[in-house]
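The values are calculated or read from the model by the stated rules, or taken from the named source; none is laboratory data. Note that the structure is a prediction, hence the values are computed from the model and not measured. So basically every Cβ, Gly included, is an ideal-geometry build from the backbone, and we count neighbours across all protein chains shown.
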Amino acid sequence: MNQNFYARHWYADVYEQFETQTNDIDFLLEVLKSIDKPESILEVACGGGRICVPLAQAGYNVSGFDSDEYMLLRCIKKAKGLPNLRIYQADALKEDWGKHDAIIIAGNFLINIEGDMDYKAAQKMLFAKASEALDAGGWLYLDFDLYANPQTVFTSTGKRYYFDGTDELGTTGRTVSCGSVYDGATQICAGCSHLELKTASGESIIVPRNWYKHIPTLPQVFTWLDEAGFDTFKTYRNYSAEPLPDSPDDKLWRASILARKR
Ligand SMILES: C[S@@+](CC[C@H](N)C(=O)[O-])C[C@H]1O[C@@H](n2cnc3c(N)ncnc32)[C@H](O)[C@@H]1O
């Protein structure tokens with residue numbers, strides 16, 4: 001087995017051990033109850049199925065795709081016995097999304113897109129793709145981290161460790177972040193990190209994971225929605241009925257937006 005196999009298997013497994021929150025899913029299920037039941041829902045970048053599986057268990061017809069086959073393997077296992085859940089591999093930026101009544105872009109995917117494209121262009125493309133995949137009246141639900149002051153969050157030096165754990169193959173390790181910088185003029189932040197792993201047979205693996213993201217403001221997201229043909233229907237702050245205010249006053253909010261294709 002090559003090192004890439006161990007690293008990607010480890011990440012998909014340990015991601016699931018740490019990302020166990022369900023409050024975002026409970027909230028999404030409540031939001032879906034507030035609209036006419038969509039016949040078909042697509043979850044973009046469904047990962048290991050943390051969101052699409054409970055949606056299917058709640059009785060919705062759901063499709064989910066992701067580019068990472070290690071994440072998808074976990075999702076496919078959970079989809080057993082759910083004939084109303086269809087899982088497949090696709091790149092959100094390159095492939096067609098089909099036609100649906102509702103699109104879910106949640107789990108902070110807006111700030112975690114992987115691909116070769118310019119990050120801001122990739123973010124805008126998600127809105128264009130969502131619009132193509134919906135007819136007039138179709139719904140888009142977005143859920144992402146909204147930073148009032150990215151400068152303070154993303155400018156850091158020194159090591160930070162997260163996702164410390166062992167996968168089912170016995171590979172053990174952690175993710176090490178070595179710092180990041182944020183450029184307020186471009187809204188780009190970039191950081192360097194690596195995975196530090198040891199396989200069950202004792203092989204040490206270091207995998208560099210350098211990253212680069214564009215951090216959007218709320219007005220920017222509203223503009224992208226509008227340009228892609230969406231009307232913002234409702235906004236929610238931190239999974240509550242409270243709407244998002246015009247200008248952020250805290251360090252970080254979770255922003256959820258329900259929008260409707262014109
Ligand atoms: C933060 S995780 C969210 C996963 C899942 N929605 C959740 O909430 O647990 C981001 C996911 O996006 C996927 N991803 C990143 N870039 C992608 C792309 N260009 N096309 C499809 N999936 C992508 C990753 O493989 C990963 O599973």
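Which of the residues belonging to segment 19-39 are without any contact (Cβ under 8 Å) to a residue 40 or more places away in the chain, part of a helix (DSSP H, G or I) and touching a Pro at 6+ places or on another chain (Cβ under 8 Å)?
I25, L29
Filter segment 205-226 for residues that are closer than 15 Å to T175 by Cβ and not aromatic (F, W, Y); which is farthest from the chain's Cα centre (by Cα)?
I205
Looking at segment 172-182, which of the residues that are farther than 23 Å from L146 by Cα and crowded, with 18+ Cβ neighbours inside 10 Å is farthest from the chain's Cα centre (by Cα)?
Among them, the one singled out is G173.
Filter segment 244-262 down to residues that are in a loop (DSSP other than H, G, I, E, B) and surrounded by 11 or more Cβ atoms within 10 Å (Cβ to Cβ) and give me whichever is farthest from the chain's Cα centre (by Cα).
R262
Out of everything in segment 40-58 that is in a loop (DSSP other than H, G, I, E, B) and either among the hydrophobic types (A, V, I, L, M, F, W, C) or more than 11 Å from the ligand (Cβ to nearest atom) (or both), what residue ends up being farthest from L142 (Cα to Cα)?
Going through the qualifying residues, I end up with A58.
State all residues of segment 96-121 that are within 8 Å of the ligand (Cβ to nearest atom), within 18 Å of L140 (Cβ to Cβ) and either part of a loop (DSSP other than H, G, I, E, B) or at pLDDT below 95 (or both); if no residue qualifies, say none.
Result: A106, G107, N108, N112, I113.
Which of (1) among the aliphatic types (A, V, I, L, M); (2) touching a residue at least 12 places away in the same chain (Cβ under 8 Å); (3) surrounded by fewer than 18 Cβ atoms within 10 Å (Cβ to Cβ) does A241 not meet, given it meets every other one?
Exception for A241: condition (2).
Being of a type in the set (D, E) and in a strand (DSSP E or B) is the filter; apply it to segment 183-230 and report the residue that is surrounded by the fewest Cβ atoms within 10 Å (Cβ to Cβ).
Per the stated criteria, the residue is D183.
Given the residues L82, L140, which is the only one that is modelled with pLDDT of 95 or more, in contact with a strand residue (DSSP E or B) (Cβ under 9 Å, 6 or more places away or on another chain) and assigned to a loop (DSSP other than H, G, I, E, B)?
Going through L82, L140 in turn, the sole match is L82.
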